[in-house]
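Taking it in order: structure first as structure tokens, then the write-up.
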Amino acid sequence: MPAHGDLVEIRLGPQRAWMVCHPELTHEVLMDPHTFDKGGPLYDRLGKLMGDGLVTCRQPAHRNKRRLLQPGFHPSYVAHYTDLVAEEAEAVCRAWPAGRTVPVTEAMMTLTTRVISRVLLSDALDDTTANEVRDCLTDIVRGLFVRTVVPIDALFRLPTPANRRYRHALSRLHAIIDTAIAQRRRGADRDDVLGTLLAAARGDGAAAAITDQEVHDHLITLLLTGVEAPALCLADAFSLLARHPEAERRLHAELDAVLPRGRRPGPEDLPHLVHTRCVVLETLRHSSPGWLFTRVATRETELAGCRLPEGATVLYSPYLLHHDSSSFPDPGRFDPDRWLPGKPTAEQRRALMPFSAGNRKCLGDEFAMVEATLALATIAGRRRLRHLPGYVERAPRPAITLGPRSLVMACETRSHMPSGAPDSRTAGDHVVDHT
Ligand code: HEM
């Protein structure tokens, strides 16, 4: 599409829509949320699911909601979650014996479900319920995309197995959240996101009290956003590393030096996990889980010299921007070194938008970066994952998010180089213990 211009008119079924194809034009749209508000087919559908939560709410309601939730995900606060992430990543390693085939995507979904549910609800969900939440989210996300691109509600009322699965997953997720809220109200206060929401519902603090429905909508929203994208990012990172031995070798060298003998990473290690963070960033560039988003013009306006009517659907795509060779040379190549300190240009930093930009930028951006960096460091420090014989790299299949939905890999245990040992290994010959 960029070959056709910076703003390209397309058809979405019977509707006209405009795709923004240039990073600066995308910033222009995202920095003017009063003209380009949340809306369009994606958000209309998501609104039915998430109610009036932070992701779907319109601009006038946004600021208060964001203020309420921001503190728990503020960059200065996310270091509080490092132990929790490392603990859950260690649990993944324990469940992955050497020589076995392991369900990578499923395990990453379990990890991110457990992490976000502990951040939101402390220990309110036992293991079985957390797994049930994970499965419900998988079914919901699967059903959502088709409902977005085929906006014919009658089709989804038919009693097909897929429709029944979607409805069941939705009602179970709502019920699990209602139970967690009711239990907390009967018990003691906790210092977590639910604690913040219930204090706001009691009217504690300066702002007007929020409703019980808002408490529920916020939790659904954060579960839906906090599980799938980070899990797909991690699964993709393992898949890409297995196909790029030089990048994997550099990652292992860093992990062996920073976390000798598989030491658990803490917040003080984050500044030293430079390659690990580069792998996460490059995975988010190469295979951005959030790939397509919509906005709606709240009034007639002009964009890139084109008049857009009120109600026009405008789309932007991190995937498209990240794969434009004028921003990123050889964009199909996975090259974590692009992000080494001092390497990316100011234009490349602006063109990288896996978490969007402006006031609707991802609430969990720094949290997700810390989560993915620490989970990758913990798991890749102890386990090496290989693609199974016959593995074929496939083009991404469009869904609400992009990523390997059912990745299975072979697991080997790594033994560690002693701290400070010189890194004299060549691509792919790092120390692997096959016992
Ligand atoms: C790798 C992981 C993640 C990616 C790639 C990602 C991506 C994004 C993107 C692109 C948006 C903006 C959507 C738009 O412009 O329409 C967004 C918004 C949002 N994300 Fe994330 N996200 C990730 C993780 C998380 C996590 C862990 C949370 C949970 C705390 C979260 C919560 C949210 C929320 C609440 C919003 C709406 C913010 C607002 O409108 O003020 N995300 N995310």
Any hit, the range 216-231, residues being more than 22 Å from the chain's Cα centre (by Cα) and within 23 Å of VAL141 (Cα to Cα): no
Could you list all residues from the range 43-87 that are aliphatic (A, V, I, L, M), open to solvent by 20 Å² or more (accessible area, probe 1.4 Å), part of a helix (DSSP H, G or I) and in contact with a helix residue (DSSP H, G or I) (Cβ under 7 Å, 6 or more places away or on another chain)? LEU68, ALA79, LEU84
For a quick check of your reading of the model, give me the residue pairs whose first member lies in the range 345-368 and is free of Cβ contacts under 8 Å to residues at least 24 places away in the same chain, whose second is more than 8 Å from the ligand (Cβ to nearest atom) and among the small types (Gly, Ala, Ser), with beta-carbon atoms closer than 8 Å and at least 6 apart or on different chains. GLN348/SER327
Condition first: away from the ligand (no atom under 15 Å from the Cβ), under 23 Å from VAL78 (Cβ atoms) and surrounded by fewer than 20 Cβ atoms within 10 Å (Cβ to Cβ). Now tell me which residues in the range 189-225 satisfy that. ASP189, ARG190, ASP191, GLY195, LEU198, ALA199, GLY205
Given the structure, is LEU125 in contact with a Ser or Thr (Cβ under 6 Å, 6 or more places away or on another chain) and either part of a loop (DSSP other than H, G, I, E, B) or buried (at least 21 other Cβ atoms within 10 Å of the Cβ) (or both)? yes
Could you run through the range 88-101 and say how many residues are open to solvent by less than 40 Å² (accessible area, probe 1.4 Å) and among the small types (Gly, Ala, Ser)? 3
Report yes if some residue within the range 165-187 is surrounded by fewer than 20 Cβ atoms within 10 Å (Cβ to Cβ), within 15 Å of the ligand (Cβ to nearest atom) and of a type outside the set (S, T, N, Q); otherwise report no. no
Single unsatisfied condition, ARG250 versus (1) at pLDDT below 95; (2) in a helix (DSSP H, G or I): (1)
Being charged (D, E, K, R) and farther than 15 Å from ARG63 by Cβ is the filter; apply it to the range 22-38 and report the residue that is most open to solvent (accessible area, probe 1.4 Å). GLU28
So, THR110, is that one among the β-branched types (Val, Ile, Thr), more than 30 Å from SER326 (Cβ to Cβ) and open to solvent by 40 Å² or more (accessible area, probe 1.4 Å) or not? no
Looking at the range 360-382, is at least one residue farther than 30 Å from CYS57 by Cα and either open to solvent by 40 Å² or more (accessible area, probe 1.4 Å) or at pLDDT below 95 (or both)? yes
What are the pairs, 6+ residues apart or on separate chains, where a residue within the range 205-230 that is touching a residue at least 12 places away in the same chain (Cβ under 8 Å) and in a loop (DSSP other than H, G, I, E, B) has its Cβ under 9 Å from a residue that is away from the ligand (no atom under 16 Å from the Cβ) and of a type outside the set (Asp, Glu)? ILE210/ALA201; ILE210/GLY203
Give the residue that is surrounded by the most Cβ atoms within 10 Å (Cβ to Cβ), with candidates limited to residues of the range 2-21 that are of a type in the set (Val, Ile, Thr) and farther than 18 Å from THR298 by Cβ. VAL8
For the range 390-398, indicate whether the set of residues that are over 22 Å from the mean Cα position of the chain (by Cα) and either buried (at least 17 other Cβ atoms within 10 Å of the Cβ) or under 18 Å from THR283 (Cα atoms) (or both) is non-empty. no
Is it fair to say LEU308 is out of contact with any helix residue (DSSP H, G or I) (no Cβ under 7 Å at 6 or more places or on another chain), surrounded by fewer than 19 Cβ atoms within 10 Å (Cβ to Cβ) and over 30 Å from GLN70 (Cα atoms)? no
Just one listed residue, out of ARG277, ARG243, ARG264, ARG250, is within 19 Å of the chain's Cα centre (by Cα) and open to solvent by 30 Å² or more (accessible area, probe 1.4 Å), and it is ARG277
Sole residue being at pLDDT 95 or above, more than 10 Å from the ligand (Cβ to nearest atom) and in contact with a Ser or Thr (Cβ under 8 Å, 6 or more places away or on another chain), chosen from LEU273, LEU232: LEU273
Is one or more of the residues making up the range 121-128 within 16 Å of the ligand (Cβ to nearest atom), modelled with pLDDT of 95 or more and in contact with an Asp or Glu (Cβ under 9 Å, 6 or more places away or on another chain)? yes
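The values are calculated or read from the model by the stated rules, or taken from the named source; none is laboratory data. Keep in mind that what you see is a predicted model, and the values were worked out from it rather than measured. Cβ atoms come from the backbone with ideal geometry, glycine included; neighbour counts cover every protein chain shown. Accessible surface is based on the protein model in full, side chains and every heavy atom, while ligands, DNA and RNA are left aside. Shrake-Rupley method; radii C 1.70, N 1.55, O 1.52, S 1.80 Å.
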